[in-house]
1. Mind listing whichever residues of the stretch 46-60 are crowded, with 17+ Cβ neighbours inside 10 Å and closer than 25 Å to Phe117 by Cα?
2. Report yes if some residue within the stretch 14-29 is modelled with pLDDT under 55, in a loop (DSSP other than H, G, I, E, B) and over 23 Å from Gly113 (Cβ atoms); otherwise report no.
3. Looking for something over 14 Å from the mean Cα position of the chain (by Cα), at pLDDT below 90 and part of a strand (DSSP E or B) - is there at least one such residue anywhere in the stretch 53-65?
4. Looking only at residues that are surrounded by 19 or more Cβ atoms within 10 Å (Cβ to Cβ) and at pLDDT below 90 in the stretch 134-148, which one is farthest from Thr53 (Cα to Cα)?
Amino acid sequence: MNKTKFLFASAAAAVAILIGSSNSNAQTNAPASDGDSKATRLGIGLNAGIPTTDGYKFAFGGDLRLQKDFTSNVSGLLSVGYNTFSVDSEIYSAVTPAGEIVDNLDYIPVKVGLKVFPVQRFYFSGEVGAAFPMRDGAKTAFVYAPGIGVGTNLGIDVGLRYEGMTGSANLLSLKNPGQVALRLAYGFSL
């Protein structure tokens, strides 16, 4: 399946989930005396992505996301994860000074951001931070991730985001990797 078909299928699935969940109660917050929630939640997510940079075959990873409500429709985010971009070895190959074969780009993204709920279940999110490489010789990068998604009061969160990096380079000189990623997460109140 080529990247365009996979991207279209992922976007269609996300839209179907958004429409299908419109009858469920999501992002319900127990109102405080001022009408705003101050809940804190921890989410555990899995990510699968399509690289938008030539030289990579696929991307996948996981994350932990702490979400703190500021108001009933605005939350702060703090996330840390692990992502890997699988290098297309038919196009690129390299050997590190230690003799290791480079077959992927692994990094730990640490991001802060906001999640805004314009309507009850649906959200827009934006995160920025740093991507720390897991291989010597690669550079720390600036990472940014705008996205959309839906959350349910069952703790399920489904999001679609673009995650890009700038200022990064691995040993193959594949710069600024990016991905369109689908995130499936489960969250619980702390």
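The values are calculated or read from the model by the stated rules, or taken from the named source; none is laboratory data. Only a predicted model underlies this, so the values are computations on that prediction, with no experimental measurement involved. Ideal geometry is used to build each Cβ from the backbone, glycine not excepted, and the neighbour counts take in all protein chains shown.
1. Asn47, Gly49, listed by residue number.
2. yes
3. Checked the stretch 53-65: at least one residue is over 14 Å from the mean Cα position of the chain (by Cα), at pLDDT below 90 and part of a strand (DSSP E or B).
4. Result: Ala138.
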